[in-house]
Amino acid sequence: MMRKKLPLGTLVVFAILASSLNAQPACLLSEGFEGPFPPGGWSTSTSLGQNQWFRNDYWGRPNYTGGSGYCADNDDDGAGPGAARVGNNILQSPTFDASGYNIIWLAYNVDWYPVGEGMTGQVYVYNGSSWIMVMGHPQSRKTTRDSINISTRVAGVANARVRFTYSEFTGGVKSNWYEVDNVNVWGSDPPEPLDLVMAEIIRPKFWEKGGIPFQPSCRIYNNLDTAAHGTVSCEITNLTTMQVAYQDAHTSYSLNPGYTVVGFAAFTPFRNNYYNALFVVEHPDDVDPTNNTMERNFSTHETEYDVTPYEMLAPETPEQINPFMPTANYAERLGKKTVDVKMHCWIQDFDTEEWVYRDSSDFRDFVPHDTFLAVFKTAYLEIGTYIIRFWANGENNTNISNPPLVDTFNYTGIAETPIASRFSLDAATPNPCADFTAIRFTLGHTTNVTLRVYDATGNVVATLADGSRNAGSYTVQWNTHDVASGIYFLKLTTPEFRATQKLLVLH
């Protein structure tokens, strides 16, 4: 059996759908009017005069729509000079099920050739309860393939329909014809949103040899089945000087479906330094920028051993409510047996810089690539903001953590006062940010308040609020254009309440 060739317009609609949808569109209705007329399930009707919808060979006319074979033809001219005027002369499709789709397209070939005024050629769709016009043809000849997005009309409708209507409302004139062919309806689900994920840092390793160049690299995951062209960057900061030591970026980088490894220009670290490597992938269509970054601290200190805390489980950040037992995972990372390892946890008051908690583990041996969950004694703290530090010592009481694990948290105690519960410091938006970010905070009553920004070394970078304010919610903006990329801390302080939030600035 010979397969009927799709007209060019049909291929255009498929191309539109294929470019925006992940799955092949489903055909919900297809009619080329090649068989008996009206086709099975189709019907004709009229509210004025006699029906004029027939297959075009009934009138002895060509198929003017550009389609092949036959077409549906409402031919007022072919009906002859004695033909009565017609009103609402309808060609109506059978029902089609659009209940499983969110995107619906209607396409058809048309040749509309009116003569004079008072004639209408229109297209309607049925949404389960009423007919809605989606196309009104002009008062001039139109030969084309129309493609109409009818998603808002029939998406989710189980008994949708299409109808083509010709009407002649004035006497003494008649149209030539209204021909329709290759009627198609397609349905599909909406496209899956793009979600690029910074999945893995390949280099640097946790320990790199000072003075020896290496190529920073990462692995990125693309959830779609088509390539996405994003911006991928790497920035390395010297944690001793807090200066950016290296920057490189790829723009419009092709990220294939699945995983793509991205390499950057070589970087040569100094000996006996700590560094932070930050990798970022960006795309304007990415729906979840929170998983677009990944960072790793690494060391070039010459050492024979490496037992480093890599994950803090307690306290909770940014807020710890109850007394807690500091807990962190440690790992041996050089593949060497390491004996007599002692793990430590110290906690420092953010404001006074006083060390308020210290505890150490018993000695323990680590086999190559061993991991250990270290749990320290319970910490009882005053309400406030704190810096917590985990690390390990080896032989001769020397540090073998590269680098130590350091974080900040707020401690609110067991019972919050009703007033304090009405105070809050929300996360900055956006975060990460490039040029500005908005910070929202709430005050439970009129009080003195300060909102300051600190860098990773504890220096005040900006004061965003300072003085008395009434109860309510406030939003302030911080222009980050002139500060270096890196980690900053937002600290809100009142006589009754203190809170800290972490902010990442990326340029």
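Under 5 Å between amide hydrogens, built in the peptide plane, is the criterion, and for Asp146 it picks out Tyr108, Val110 among residues at least 5 positions away or on other chains.
The phi torsions of the range 146-158, fed into the Karplus equation with coefficients 6.51, -1.76 and 1.60 and a -60° offset, translate into couplings of 8, 10, 10, 7, 10, 4, 5, 8, 10, 4, x, 8, 7 Hz, rounded to whole numbers, with Gly and Pro shown as x. The ranking of Glu168, Glu34, Glu354 from fewest to most other beta carbons within 10 Å of each one's beta carbon is Glu354, Glu34, Glu168.
With only Cα atoms counted, the range 307-411 has Rg and Dmax values of 13.8, 42 Å.
With the dipole of the chain worked out from charges on the C-beta (+1 for Lys and Arg, -1 for Asp and Glu) around the Cα centre, which of Thr95, Leu425, Tyr330 lies farthest toward the positive end? The residue sitting most towards the positive pole is Thr95. According to the calculation over all Cα-Cα pairs in the range 293-340, the P(r) per 5 Å bin from zero is 5, 15, 20, 19, 16, 13, 9, 4 %. Each label was represented as a point 7 Å from its Cα along the Cα-to-Cβ direction; for Asp365 and Gln215 these points are 4.1 nm apart. Amide H contacts of Val356: Ile347, Gln348, Asp349, each under 5 Å away and 5 or more positions distant or on a separate chain (H built 1.01 Å from N in the peptide plane; Pro and chain starts excluded).
In sequence order, the range 500-507 has phi-based couplings of 9, 10, 8, 9, 10, 9, 10, 10 Hz under the Karplus curve 6.51 cos²θ - 1.76 cosθ + 1.60, θ = phi - 60°, and Gly or Pro positions carry x. Placing unit charges on each Cβ (+1 for Lys and Arg, -1 for Asp and Glu) gives the range 196-299 a dipole about its Cα centre, and among Asn238, Ile212, Thr290 the Cα reaching farthest toward its positive end belongs to Ile212. Evaluated with a Cβ-only charge set (Lys, Arg +1; Asp, Glu -1), the range 307-411 carries a dipole of roughly 440 debye about its Cα centre, given to the nearest 20.
What the phi angles of the range 282-291 give under the Karplus curve with 6.51, -1.76 and 1.60, with θ = phi - 60°, is a coupling list of 9, 8, x, 9, 5, 7, 9, x, 5, 10 Hz, glycine and proline written as x. Farthest towards the positive end of the charge dipole of the chain, among the residues Ser130, Thr317, Gly40, is the Cα of Gly40, using unit charges on the Cβ of Lys, Arg, Asp and Glu. Rounded to 0.05, the FRET efficiency of the Glu295 and Asn51 pair, given R0 = 60 Å and the Cβ-Cβ distance, is 0.25.
Shown here are the Rg and Dmax of the Cα trace of the range 103-232, at 27.4, 95 Å.
Each residue, Val483 and Glu34, gets one label point 7 Å from its Cα in the Cβ direction; the gap between the two is 6.9 nm.
The charge dipole of the chain, taken about the Cα centre with unit charges on the Cβ atoms of Lys, Arg (+1) and Asp, Glu (-1), comes to about 960 debye, rounded to the nearest 20. Across the range 420-505, the fraction of Cα-Cα pairs farther apart than 22 Å, rounded to a whole number, is 21%. Against the empirical curve 2.2 N^0.38 Å, the C-alpha radius of gyration of the range 234-373 lands at a ratio of 1.32.
In percent, rounded to a whole number, the relative contact order of the chain is 9, using alpha-carbon pairs under 8 Å and six or more apart.
Taking only the Cα atoms of the range 37-140, the ratio Rg/Rh comes out at 0.96, with Rh defined as the Kirkwood radius. Taking 0.36 nm per residue of separation and subtracting the Cα-Cα distance, full extension of the segment from His229 to Arg358 would add 41.5 nm. Sorting the Cα pairs of the chain by distance into bins of 20 Å, from 0 upward, gives 18, 32, 21, 20, 8, 0 percent per bin.
Counted residue by residue at 0.36 nm each, then reduced by the alpha carbon distance between them, the extension gain from Asp189 to Asp466 reaches 94.6 nm.
Label reach from Glu319 (point 7 Å along Cα→C-beta): in the range 425-447, amide nitrogens under 13 Å belong to 425-427, 441-444. Of the three principal axes defined by the Cα atoms of the range 8-188, the extents in descending order read 53, 34, 30 Å. Label reach from Glu302 (point 7 Å along Cα→C-beta): in the range 193-208, amide nitrogens under 15 Å belong to 208. Per-residue Cβ neighbour counts within 10 Å put Ser360, Ser252, Ser401 in the sequence Ser252, Ser360, Ser401, beginning with the fewest.
Helix 8-20 versus the longest principal axis of the chain: what is the Cα-based angle in degrees, 0 to 90, to the nearest 10? In the chain, helix 8-20 runs at an angle near 20 degrees to the longest axis.
On the basis of the beta-carbon distance and an R0 of 60 Å, Thr327 and Asn88 show a calculated FRET efficiency of 0.20. Taking every alpha-carbon pair in the range 196-299 and binning the separations at 10 Å intervals from zero gives 16, 48, 26, 10, 1 percent.
Each part reduced to its alpha carbon centroid, the range 431-491 and the range 118-157 end up 54 Å apart. In the range 103-120, which residues have a backbone nitrogen under 11 Å from the label point lying 7 Å from Gln139's Cα in the Cα-to-Cβ direction? Only 115-120 pass the distance filter.
Every number in this text was worked out from the coordinates using simple rules, so none of it is lab data. Quick caveat, the model's predicted, so the values are computed rather than measured. Ideal geometry is used to build each Cβ from the backbone, glycine not excepted, and the neighbour counts take in all protein chains shown.
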